[in-house]
1. List the relative contact order of segment 298-378 as a percent without decimals, with contacts defined as Cα pairs under 8 Å and 6+ residues apart.
2. Which of 386, 336, 360 sits closest to the plus end of the dipole of segment 331-415, meaning its Cα is farthest towards the positive end, when Lys and Arg get +1 and Asp and Glu get -1 on the C-beta?
3. For a quick check: with amide H placed at 1.01 Å from N, whose amide H comes under 5 Å from residue 181's, ignoring anything fewer than 5 positions away on the same chain?
4. May I ask you to give the percent of accessible area on segment 382-421 that is carbon plus sulfur, with a probe radius of 1.4 Å?
5. What order, most packed first, do the peptides 150-160, 130-140 have when packing is the mean number of other Cβ atoms within 10 Å of each residue?
6. Tell me the net charge near residue 186. Cut-off is 15 Å between Cβ atoms, residue 186 excluded, with +1 for each Lys or Arg and -1 for each Asp or Glu.
7. For segment 95-127 and segment 134-154, what is the centre-to-centre distance using only Cα atoms, to the nearest Å?
8. Which whole-Hz ³J(HN,Hα) couplings does segment 169-181 yield from phi under the Karplus relation 6.51 cos²θ - 1.76 cosθ + 1.60, θ = phi - 60°, glycine and proline marked x?
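The values are calculated or read from the model by the stated rules, or taken from the named source; none is laboratory data. Bear in mind the structure is a predicted one, so any value in this text is a computation, not a measurement. Positions of Cβ are backbone-derived with ideal geometry, glycine not excepted, and every protein chain shown enters the neighbour counts. Protein only, heavy atoms only, side chains kept; ligands, DNA and RNA dropped before computing areas. Shrake-Rupley method; radii C 1.70, N 1.55, O 1.52, S 1.80 Å.
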Amino acid sequence: MEGLASFKQSVKSSVVKNVFHFAGNYVLPKLSDETIIKLSDKINNFEAPAGKIFFDHIFIGLKRKFPHLSKNVKHGIVDNFISNFLLLSGDRRKAFIEKNGFYPPLFYVISPTMHCNLKCYGCYSANYTRSDKLSFEKINEIIDEGKKFGIFFYTISGGEPFVRKDLFDILEKNNDCYFQIYTNGSLIDGKTAERLSNLGNVFPCISVEGFEDETDERRGKGHFKKVVAAMNNLNDNGVLFGFSATATRHNNEIIVSDEFIDFYVKQGAFLGWYFNYIPIGREPDVNLMPTPEQRNFRRKRVVEIRETKPIVVADFWNDGVLSHGCLSGGRVYLHVNANGGVEPCVFAQFAADNIFDKSMEEILNSMYFKSIRKEQMEVKNRLRPCMIIDHPKILRKVVSEGGAKAAQEGGESIITELKDKMDEYSQNYAKIADKVWETEFGNGKYFTAYDGKKLELNEEDYYRKQLYPLKGGKNKEDNKKV
């Protein structure tokens, strides 16, 4: 019976991939956005609390990009991201849910190294040890266990991942998975871009701080030109890529400006991730955080960018309405640092367990991770999802109760000497976010406001409104029909 089930799965996999290869090359470019939305909703096979409506936006973006990608990159998107990750993982996820009583993560972030060829101020990982205990074998062991849970998507972070000499061996060995890599871009020369194109299962996200002045000021003189060169190399080799921008008090408005977005769209970026500066790592500075007013400004601008620009964008702190809240603690993802410590996320740098001592399934069932997921469900205002900067008392509580320790030197400062400042920040932002949650979102009753009126929507339409608030352009009558 097991052999028959395996054969059926193999046939199903082959059929699905062949269909989507044909669709990607010949059908997708001709489909309307409305049709893509309907198909996206149908093919998202997994039940998960991660705002699957976001995938609509991704598929509409792929329609624009697909004709310009290399053959192997197209194969990686269809075989690994769409088929293995979205379509063919459902049975494994279901088995995990039945056994454990909760969803498995959608993906892991793994940092194979904390080494880096740059020395940026405010780096969130600057004080980790440089021992890199995660061997090639251990990383593959983590990924192999993840595949059993239906996890075929992995984010590689660091440090600078491309300084790790066996990185390409890891990517090649797991050629049934899709990888997103956060990188400073300085090591992506023509040869590296060609290798990425040949692999096809890698999506690089290059860190930027704005334009040349802002990027060079934080990352070193001449770095911006290396970023542009890296993007050119990726374009020339048909590799899908994006940007990653950390918002600080100094660049918050720049990185959501029309000029900034237009520039990186012109460079060929498919996607942009926004991160809020968190006072951890190298010389943590609360004054580098965007003010509450700046954060709210960025929230509104990200929605406008999704409405008007041909690029997929998301903000990890301001898009809680799309992800149903915080993603950490294994609810949607977790972070494995280079020493094997398993952290709730890359910014909540406290680990109670190590992957060398326990399986990931055991760690997901730990009191530490369970308490984080429980606390997440108690947070009602999804504009304030984060236990680090929105609910710092929760961070302190779960760290204490879970027996977690700081994963890098000085990491405990965010819950000790910076405690009062984090509380003050969260209270000041709450004054803004709670008012917005009440007036614009009806305290979570799926209301949104257009033309001064409140329109009650079902949950699915509500989330779609957050991605496409003015779907199709500026026609306000169409807005009411979305």
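1. Relative contact order comes out at 21 percent.
2. 386
3. For residue 181, the qualifying residues are 156, 203, 205.
4. 47
5. 150-160, 130-140
6. Net charge in that neighbourhood comes out at +3.
7. 12
8. 5, 5, 5, 6, 4, 9, 6, 9, 10, 10, 10, 9, 10
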